[in-house]
Amino acid sequence: MDIILTETNKGKRSLVCDSFRYRVDKTLKGEEISWRCTAKGCKARLRTDCTGTVIIQQKNTHNHDTSDRDNERHLLRAKPGGRKIQKVGLSQQYKELDSDISKWLKGIFGIAFLAPDEVADCFVEDFMAVVPNDKPCIEFADYLTDTYINR
Ligand SMILES: [Zn+2]
């Protein structure tokens, strides 16, 4: 089960597990964290260790489908790369549905769901070969290379 730790708009801790998003419900004695699904009326809960990376207990099932679109938007904001997209002026292209640049950017954001060791290979093979010939994209690709590959 993959866990992605992010932040909410307000800087609170948030967690994405199996494409469901959770926010901190409360911190429990023994330094465990109780998380609740962010969907309205959903009773699904997770309990993790204090780092939020080890699931100790899972309670209740979700009463809804995963919200990949929402998570995608959320990750775009939360990832360092998301801020970079905005900075180099690519956020408009990211939102366009059918442009090559948009597809490329969205593909790149799939790497948010991969483990760090998997990122470099996949990234190099699939994306660096097809960087759109567009200045902001090249700048963004350089940034990602520095962030994920030349670590
Ligand atoms: Zn839920």
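The values are calculated or read from the model by the stated rules, or taken from the named source; none is laboratory data. If you're wondering where the values come from, they're calculated on a predicted model, not measured in any experiment. Here Cβ is always computed from backbone atoms with ideal geometry, including for glycine, and neighbour counts include all displayed protein chains.
Taken over segment 14-62, residues that are away from the ligand (no atom under 14 Å from the Cβ), surrounded by 15 or more Cβ atoms within 10 Å (Cβ to Cβ) and part of a strand (DSSP E or B) amount to 7. Tell me the residue from Asp65, Asp70 that is within 16 Å of the ligand (Cβ to nearest atom) and at pLDDT 75 or above, please. Answer to the selection: Asp65. Looking at segment 1-8, can you tell me whether even one residue there is of a type outside the set (D, E, K, R), in contact with a Cys (Cβ under 6 Å, 6 or more places away or on another chain) and in a strand (DSSP E or B)? Yes - at least one qualifying residue is present in segment 1-8.
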